[in-house]
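Single-structure report; data block below.
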Amino acid sequence: MLSANQHPITGRDTIYQQMLANNEYILSWEPQNGEVASSGDLGYTWGKYKVTAKNPDGAATCRYGKYLNVWKKQPDGSWKVLVDMGNASPNR
């Protein structure tokens, strides 16, 4: 997990616990594009995201950004994310 202004967080359980600790938000995203390698086993998607949360005063705030996901096809045919990263945008 590569969050802004934080050291990387690794490991499924550690990432999950970090996400649970910060569950007072709504995340929405919109894919813009993606491609799959000619080998058919690796791909990526990228797009825009929006995070809505409350500031310390209780007022709703929105943050916008863009993301990139790298996907790998599993032996059973499903796809799993290998890398999920993003960074802030000045607006929508």
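The values are calculated or read from the model by the stated rules, or taken from the named source; none is laboratory data. Keep in mind that what you see is a predicted model, and the values were worked out from it rather than measured. Neighbour counts are summed over all protein chains in view; Cβ atoms, including those assigned to glycine, are modelled from backbone coordinates with ideal geometry.
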>> With the requirement that a residue be of a type in the set (A, V, I, L, M, F, W, C) and without any contact (Cβ under 8 Å) to a residue 24 or more places away in the chain, what does region 1-20 give you?
In response: 9, 15, 19, 20
> When residues of region 1-23 are filtered for being part of a loop (DSSP other than H, G, I, E, B) and under 19 Å from residue 86 (Cβ atoms), how many remain?
Replying inline: 12
> Among the residues of region 48-67, how many are among the polar types (S, T, N, Q) and either farther than 25 Å from residue 10 by Cα or assigned to a loop (DSSP other than H, G, I, E, B) (or both)?
Replying inline: 2
>> Could you go through region 29-43 and let me know if any residue there is farther than 27 Å from residue 75 by Cα, out of contact with any Phe, Trp or Tyr (no Cβ under 7 Å at 6 or more places or on another chain) and polar (S, T, N, Q).
In response: no
> Given the conditions (1) in contact with a strand residue (DSSP E or B) (Cβ under 8 Å, 6 or more places away or on another chain); (2) farther than 21 Å from residue 10 by Cα, and given that residue 77 satisfies all but one, which numbered condition is not satisfied?
Replying inline: (1)
>> Contact list please: Cβ distance under 7 Å, first residue in region 44-63 and of a type in the set (Val, Ile, Thr), second residue modelled with pLDDT under 90 and part of a loop (DSSP other than H, G, I, E, B), pairs at least six apart or on different chains.
In response: 61/55
> Any residue in region 54-67 that is in contact with a Gly (Cβ under 9 Å, 6 or more places away or on another chain) and either more than 14 Å from residue 25 (Cβ to Cβ) or loosely packed, with under 10 Cβ neighbours inside 10 Å (or both)?
Replying inline: yes
> So which residues in region 68-81 are part of a strand (DSSP E or B) and free of Cβ contacts under 8 Å to residues at least 24 places away in the same chain, if there are any at all?
Replying inline: 80, 81
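So in region 24-47, with the set limited to residues that are charged (D, E, K, R) and assigned to a loop (DSSP other than H, G, I, E, B), which one is modelled with the lowest pLDDT? Before the answer, list the steps.
Restricting attention to region 24-47, the residues satisfying the condition of being charged (D, E, K, R) are 24, 30, 35, 41.
Next, only the ones that are assigned to a loop (DSSP other than H, G, I, E, B) stay: 24, 41.
Numbers: 24: 80, 41: 98.
By that ranking, first place goes to 24.
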